[in-house]
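The values are calculated or read from the model by the stated rules, or taken from the named source; none is laboratory data. Here the structure is a predicted model, which means the values were calculated and not measured. These accessible areas exclude ligands, DNA and RNA; they are computed on the full protein's heavy atoms, side chains included. Shrake-Rupley method; radii C 1.70, N 1.55, O 1.52, S 1.80 Å.
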Amino acid sequence: MASLALDLVLWLTGVRGHIPRFDEFRPVPAAPAIGVSSIVRVLAITAAVFAALSLAVWGMVWIAIQLL
């Protein structure tokens, strides 16, 4: 389950699982166009970060309650 979540986050951020060679680099535009897909990507990353932080806070509170 954690591997699938990590794969999803890496896929959404555009991180690839290999080291590129010099012939794989392509010229990029000076100002990348902001389209719908990039907005969706930013929203998905924001939601994933918010969910992870929420789970971390919930877990800390649950552990604190268990220790009382």
Legend entry - Contour minus Cα-Cα distance for residue 37 and residue 64 (0.36 nm per residue): 5.7 nm
Legend entry - Per-residue SASA entry for residue 42, accessible area with 1.4 Å probe, Å² rounded to 10: 90 Å²
Inset, instruction - Subtract the Cα-Cα distance of residue 49 and residue 12 from 0.36 nm times their separation in residues, and report this length gain in nm to one decimal. - result: 12.1 nm
